[in-house]
Amino acid sequence: MNAEEAKQLLGKYLSGLCTAEEEIQLRSWYQQYEQKELPELSARESGEQLDRIWQNVLNRTAEPAVVNRTVRLWPLIAAAASVLLFLSIGGYWLLHQTPKVRLAGNDVAPFSRQAVLKTGHGKTLVLDSNAKGTLAQYANTHIQKTGSEQIAYTNSSETAEKVIFDTLQVPAGARPYDLQLADGSTVIVNVASALRFPENFRSNNNEVELISGEAYFTIIHNTRSPLLIKARNQTIEDIGTEFNVNAYADESDSRTTLVAGAIKVNAKTLRPGQQAIVADGGLTIAAADVEQTTSWKNGYFRFNGEDIQTVMRELARWYNIEVKYEGQPSKEGYYVKISRSRNISEVLKVLERTNSVHFKIEGRRITVLSRK
C-alpha cells in the first residue's frame with residue numbers, strides 16, 4: 001500500500017467508514033513502522049457525537065458536553081498524527097495546518113428560507129415554521145400544519161370524483177419538510193425539491209410526481225388503489241415500502257434506494273438494500289449504502305469518497321449558495337460525517353483538514369481554491 005492509499009484509508013478510519021477488511025489492511029501497514037496497535041473507534045461512536053468530538057480536535061477546543069469522549073479518543077488522534085508523519089508533507093498538513101477558510105462578511109447558516117405549498121385551487125401558502133393549525137379546507141379535504149415542518153392531508157370520504165393536485169416546494173436553504181398524504185403515506189421532501197401529489201385519492205391510478213430533487217417515501221400499500229411515483233426517467237410502483245428517490249437535475253443520474261419492503265422501478269423489482277440507477281436511458285441495479293443515502297433526513301452530511309464537485313453541489317442545495325472554482329478541482333475522495341445544522345464555515349474547515357483545497361466565503365458565494 002502506497003502513501004496515498006494509506007492516507008485515504010486513514011481518512012475513512014477517522015470518520016468511522018472503514019470496512020473490517022480495510023481496517024485490517026491499515027493496521028498491517030501501520031505496524032510496519034513498529035508503532036503501537038491502532039486503537040478502536042470507541043465502538044463506532046454515533047454520527048453526531050463523533051462529529052462533535054472530531055470538530056473539537058480540529059479547532060483545538062473542547063466542549064463540556066463531550067469532554068469524556070474526547071479524552072477517550074485522544075489516543076486515536078495521537079496515533080493518526082504518528083501515521084501522518086510517514087505520509088509526506090501533504091499528509092502531515094492534514095492535522096497540523098491552520099484552516100484557511102477566508103470569511104468576508106457574515107457566515108452562511110442553514111435554514112434561511114421557507115417551504116411553499118401551492119394548491120390546485122390557486123392558493124399559495126408560505127409555510128411559516130411557527131404557525132400551526134388549519135391551512136385550508138376544500139370540499140372533503142382538510143390541510144393542517146401539524147408541526148414546525150409538517151403538514152397533513154385528510155379526506156372526509158374515501159374516493160374523489162375529481163383529483164386535485166397540490167405542489168410542495170422546498171427551496172435550497174430551507175429545511176426538509178414532512179408531508180402526510182391523504183391515504184396516510186408520508187413523504188420527507190429534501191431541499192431544492194418539488195413534489196406534486198393528489199390532495200384527494202381515487203379508487204385507482206393515483207400518482208405522485210417528484211418534479212425535481214429528493215424525497216424519502218413511506219408508503220401504505222393499498223391493493224385496490226396502488227400508488228405510482230414518477231421521477232426523472234423513473235416510474236416507481238410501491239408494494240408497501242420505504243424508499244429514497246434522488247432525482248436532482250444537476251446530477252448525472254437519478255437513483256431510487258429501497259430501505260424496506262418492495263418496489264418496482266421501471267418494471268424491475270428491487271430488494272431492500274438495493275439501488276436502481278438510471279442514466280443515459282439505461283437502468284442498473286446495485287448494492288446501496290443506505291446510511292449514506294438517507295443521512296440527509298437524519299440530519300447530517302455523509303460523504304464516502306465523493307469528489308469536491310459532488311460535495312459542493314450538495315452544500316449548494318443545503319445552504320443556498322453559489323459555488324465557483326479557481327484552479328482545477330481535485331478528484332480526491334472525501335470521507336466526512338458532520339451535522340447539517342452547522343454554519344457552512346464549520347463544514348468547510350473540516351473539508352480543508354481532509355484534502356488539498358481552501359475556501360473563500362463572500363456572502364453566499366463560495367470559491368473553491370485548489371491547493372498548490
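In the stretch 111-134, what residues are surrounded by 12 or more Cβ atoms within 10 Å (Cβ to Cβ) and touching a Lys or Arg at 6+ places or on another chain (Cβ under 6 Å)?
Residues satisfying the conditions are Phe111, Lys132.
So is Arg317 of a type in the set (Lys, Arg) and either under 19 Å from Tyr248 (Cα atoms) or open to solvent by less than 50 Å² (accessible area, probe 1.4 Å) (or both) or not?
When the stated conditions are applied, Arg317 passes them.
Within the stretch 213-226, does at least one residue satisfy the condition of being free of Cβ contacts under 8 Å to residues at least 24 places away in the same chain, within 12 Å of Val187 (Cβ to Cβ) and within 28 Å of the chain's Cα centre (by Cα)?
No.
Answer with yes or no whether Gln150 is closer than 28 Å to Val108 by Cα and free of Cβ contacts under 8 Å to residues at least 60 places away in the same chain.
When the stated conditions are applied, Gln150 passes them.
So which residues in the stretch 163-176 are within 16 Å of Arg196 (Cα to Cα) and either without any contact (Cβ under 8 Å) to a residue 40 or more places away in the chain or not aliphatic (A, V, I, L, M) (or both), if there are any at all? Break it down into steps so the answer makes sense when it comes.
Start the filter on the stretch 163-176 by keeping residues that are within 16 Å of Arg196 (Cα to Cα), which leaves 163-171, 176.
Phe165, Asp166, Thr167, Gln169, Pro171, Pro176 - these are the residues of the stretch 163-176 that are within 16 Å of Arg196 (Cα to Cα) and either without any contact (Cβ under 8 Å) to a residue 40 or more places away in the chain or not aliphatic (A, V, I, L, M) (or both).
Table: residues versus (1) under 19 Å from the mean Cα position of the chain (by Cα); (2) modelled with pLDDT of 95 or more; (3) assigned to a helix (DSSP H, G or I).
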{"site": "Lys297", "(1), (2), (3)": "yes, yes, yes"}
{"site": "Arg302", "(1), (2), (3)": "yes, yes, no"}
{"site": "Gln309", "(1), (2), (3)": "yes, yes, yes"}
{"site": "Trp318", "(1), (2), (3)": "yes, yes, yes"}
{"site": "Ser330", "(1), (2), (3)": "no, no, no"}
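Looking at the stretch 156-174, is at least one residue touching a Pro at 6+ places or on another chain (Cβ under 8 Å), closer than 19 Å to Leu135 by Cα and open to solvent by 50 Å² or more (accessible area, probe 1.4 Å)?
Taking every residue of the stretch 156-174 in turn, at least one turns out to be touching a Pro at 6+ places or on another chain (Cβ under 8 Å), closer than 19 Å to Leu135 by Cα and open to solvent by 50 Å² or more (accessible area, probe 1.4 Å).
When you scan the stretch 177-207, how many residues do you find that are within 27 Å of Tyr319 (Cα to Cα) and open to solvent by less than 10 Å² (accessible area, probe 1.4 Å)? Reasoning before the result, please.
Our first condition is that a residue be within 27 Å of Tyr319 (Cα to Cα); within the stretch 177-207, this holds for 177-180, 186-197.
Still in the list and also open to solvent by less than 10 Å² (accessible area, probe 1.4 Å): 177, 179, 187, 189-191, 193, 195, 197.
Final tally of qualifying residues: 9.
In the stretch 246-258, which residues are without any contact (Cβ under 8 Å) to a residue 40 or more places away in the chain and either outside any strand (DSSP E or B) or not small (Gly, Ala, Ser) (or both)?
Ala249, Ser252, Asp253, Arg255, Thr256, Thr257, Leu258
Kindly establish whether Val187 is under 18 Å from the mean Cα position of the chain (by Cα) and more than 25 Å from Ala109 (Cβ to Cβ).
Considered against the rule, which asks whether it is under 18 Å from the mean Cα position of the chain (by Cα) and more than 25 Å from Ala109 (Cβ to Cβ), Val187 comes out as yes.
Looking at the stretch 213-231, is at least one residue open to solvent by 40 Å² or more (accessible area, probe 1.4 Å) and either of a type in the set (Asp, Glu) or within 27 Å of Gly333 (Cα to Cα) (or both)?
no
Looking at the stretch 135-147 only, could you name the residues that are without any contact (Cβ under 8 Å) to a residue 24 or more places away in the chain and either in contact with a Cys (Cβ under 7 Å, 6 or more places away or on another chain) or open to solvent by less than 60 Å² (accessible area, probe 1.4 Å) (or both)?
Scanning the stretch 135-147 gives Leu135, Ala136, His142, Lys145.
Restricting attention to the stretch 330-358, which residues are surrounded by fewer than 18 Cβ atoms within 10 Å (Cβ to Cβ) and more than 17 Å from Ser112 (Cβ to Cβ)?
Residues satisfying the conditions are Ser330, Lys331, Glu332, Ser356.
The values are calculated or read from the model by the stated rules, or taken from the named source; none is laboratory data. Keep in mind it's a predicted model, so treat the numbers as computed, not measured. All Cβ positions, glycine included, derive from the backbone under ideal geometry; neighbour counts span all protein chains shown. Heavy atoms of the whole protein, side chains included, go into the accessibility calculation; ligands, DNA and RNA do not. Shrake-Rupley method; radii C 1.70, N 1.55, O 1.52, S 1.80 Å.
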